[in-house]
Amino acid sequence: MPAWLPELAASVFATIIAITLHEAAHGYAARALGDDTAARMGRLSLNPIRHVDMVGTILLPGFLLVSQLLTIGRVEAMFGWAKPVPVNIWQLRNPRYGMVAVAAAGPATNFALALAAGLAAHVVEPWQASLGADGTAFAYRAFGLFILANLVLGLFNLFPMPPLDGGRIAVGLLPRTPAMALARIEPYGLLLVMFGLFILPHLVPGYDPMGWFFRGVVAPAFDFVLMLTGHG
């Protein structure tokens with residue numbers, strides 16, 4: 001077995017769980033607030049296959065992976081999305097603030113999963129003698145990857161650009177005029193995000209959004225999760 005295969009499997013597992021529960025949380029929150037659209041369309045599901053988007057989940061990540069490996073020999077950034085859970089804002093009991101709650105449910109679920117993984121990692125300690133040094137290291141690494149996957153997904157989605165969750169939260173909380181202006185960006189939001197992540201860094205020297213995101217946002221959040229869950 002290749003040495004990298006177990007870690008790849010742990011990463012894929014963590015990402016699938018993070019994305020599936022993130023999307024399902026939107027649907028469950030919407031149903032609790034009065035909108036049963038996702039349930040009626042068969043999208044209120046914990047089955048990962050139901051949330052696969054051909055372009056965002058398979059083609060784009062695959063293209064980015066292969067193209068970066070062939071051109072620069074490493075993977076600097078990945079981007080993708082799951083099939084959005086359908087929500088009819090006008091069926092929510094309070095459309096404006098209901099949508100804020102629905103949007104926030106996804107990242108909140110990821111943060112809860114990260115904390116749960118941090119707490120669950122304590123089960124490794126009593127088994128260290130049986131697992132051995134390599135097994136113990138991999139077990140902690142797998143829990144760390146699970147925490148990381150959920151933090152990356154949850155924090156990235158809080159960026160205030162619709163259709164990301166942070167953008168929809170901002171639309172619901174801002175005064176009417178800036179909220180409407182921001183909402184009009186939604187059809188182009190993903191293109192703008194991809195431009196900022198993959199094209200602008202090659203045009204502006206020193207501009208490294210993913211480096212800033214991981215060093216300045218994800219790393220402190222990871223340390224905070226470890227502190228809250230008793231890992232020092």
Considering only residues of segment 117-155 that are buried (at least 20 other Cβ atoms within 10 Å of the Cβ) and of a type in the set (F, W, Y), which is farthest from M210 (Cα to Cα)? F143
Only one of these conditions is not met by T229: (1) among the hydroxyl-bearing types (S, T, Y); (2) closer than 24 Å to I147 by Cα; (3) at pLDDT below 95. Which number is it? (3)
Could you say whether any residue in segment 141-157 is more than 18 Å from the chain's Cα centre (by Cα) and part of a helix (DSSP H, G or I)? yes
Specify the residue that is nearest to G232 (Cα to Cα); the eligible residues are those in segment 201-221 that are open to solvent by 50 Å² or more (accessible area, probe 1.4 Å) and either touching a Leu at 6+ places or on another chain (Cβ under 7 Å) or assigned to a helix (DSSP H, G or I) (or both). P220
Report, ordered by the first and then the second residue, all pairs with beta carbons closer than 8 Å, sequence separation of six or more or different chains, a first member in segment 163-176 that is within 15 Å of A108 (Cβ to Cβ), and a second member that is open to solvent by 40 Å² or more (accessible area, probe 1.4 Å) and outside any helix (DSSP H, G or I). L164/L158; D165/L158; G166/L158; G166/F159; G166/P160; I169/L158; I169/P160
Considering segment 169-207, residues that are closer than 23 Å to N94 by Cβ and of a type in the set (G, A, S), and then whichever is farthest from the chain's Cα centre (by Cα), we arrive at A181
Condition met for H51 (open to solvent by less than 60 Å² (accessible area, probe 1.4 Å) and free of Cβ contacts under 8 Å to residues at least 40 places away in the same chain): yes
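Condition check ((1) assigned to a helix (DSSP H, G or I); (2) open to solvent by 20 Å² or more (accessible area, probe 1.4 Å); (3) modelled with pLDDT of 85 or more) across all residues:
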| residue | (1), (2), (3) |
| --- | --- |
| G27 | yes, no, yes |
| R31 | yes, yes, yes |
| A39 | yes, yes, yes |
| L60 | yes, yes, no |
| L65 | yes, yes, no |
| V75 | no, yes, no |
| Y97 | yes, yes, yes |
| F111 | yes, yes, yes |
| L115 | yes, yes, yes |
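The values are calculated or read from the model by the stated rules, or taken from the named source; none is laboratory data. All values reported here derive from a predicted model rather than from experimental measurement. No Cβ is skipped: glycine too gets one built from the backbone with ideal geometry, and neighbour counts run over all protein chains shown. Just the protein is used for accessible areas: all its heavy atoms, side chains included, with ligands, DNA and RNA removed. Shrake-Rupley method; radii C 1.70, N 1.55, O 1.52, S 1.80 Å.
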